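Before any comments, here is the structure.
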Amino acid sequence: MSKPSWFREYGECLELQKTEGRIELSCEFGAVHVGLLRASLSVYFDRKGSWVIEWEIAESEGVQSVRGARVVDTETFLSLLGTNRSSYQRMGLGIRVGLWASFPGPGMNHVLDPNICVHVRDEIAVAVTSLVADEIEIVDGEPAE
């Protein structure tokens, strides 16, 4: 399966860092007409039963940055970033096609629009699935009520 047309190339370079109860993805990349940019995405469980996904795309000098955030349930979180490679979409929350996911923001998918793309490589999907298992009880493959 080829990359979707909406996928931004920086989504390929996001490097994984897992800390206690949190996953961080980040990278620096060059963008035509803009220069060096930094992209970062952070996910964590908010103890209210939801997953928080926050991201930022910024010029390396910090002159301009855009941020976005989504709060999603466990099923949506796993569908967008977990080991399941099925296509998934929820209006306003995110989209996944195979290994490629995007969290939308307003705009036309230009470099400094507040949306972020992620190549959901195996190491990222496994870290996400592990984080869910660490944070909530899974019963018969479903989150416990």
>> Where the second residue is modelled with pLDDT of 85 or more and the first is in a loop (DSSP other than H, G, I, E, B) and lies in segment 33-59, which pairs have Cβ atoms under 6 Å and are six or more apart or on separate chains?
In response: D46/V52; S50/V71
> Out of segment 51-83, which residues are surrounded by fewer than 16 Cβ atoms within 10 Å (Cβ to Cβ) and modelled with pLDDT of 85 or more?
Replying inline: R67, A69, V71, D73, E75, T83
> Restricting to segment 8-27, what's the tally of residues that are in contact with a Phe, Trp or Tyr (Cβ under 7 Å, 6 or more places away or on another chain) and either among the polar types (S, T, N, Q) or in a strand (DSSP E or B) (or both)?
Replying inline: 2
> Looking at G30, G92, which is the one that is part of a strand (DSSP E or B) and exposed (fewer than 13 other Cβ atoms within 10 Å of the Cβ)?
Replying inline: G30
> Regarding S5, is this residue of a type in the set (S, T, Y) and not in a loop (DSSP other than H, G, I, E, B)?
Replying inline: no
> Consider F77 against the criteria (1) assigned to a loop (DSSP other than H, G, I, E, B); (2) within 14 Å of the chain's Cα centre (by Cα); (3) among the aromatic types (F, W, Y): it satisfies all of them except one. Which criterion is unmet?
Replying inline: (1)
>> One residue is enough: does segment 16-23 have a residue meeting the conditions surrounded by 18 or more Cβ atoms within 10 Å (Cβ to Cβ) and aliphatic (A, V, I, L, M)?
In response: yes
> Going by the structure shown, is V66 more than 18 Å from S130 (Cβ to Cβ), of a type in the set (V, I, T) and in a strand (DSSP E or B)?
Replying inline: yes
> Could you list, in sequence order, the residues of segment 108-128 that are at pLDDT 60 or above, surrounded by fewer than 20 Cβ atoms within 10 Å (Cβ to Cβ) and farther than 17 Å from V52 by Cβ?
Replying inline: D113, H119, R121, D122, E123, A125, V126
> Looking at this structure, is G82 farther than 17 Å from C117 by Cβ and in contact with a helix residue (DSSP H, G or I) (Cβ under 9 Å, 6 or more places away or on another chain)?
Replying inline: no
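The values are calculated or read from the model by the stated rules, or taken from the named source; none is laboratory data. Given the structure is predicted, the values throughout are model-derived calculations rather than measurements. Here the Cβ is made from the backbone with ideal geometry for all residues, glycine too, and neighbour counts use every protein chain on show.
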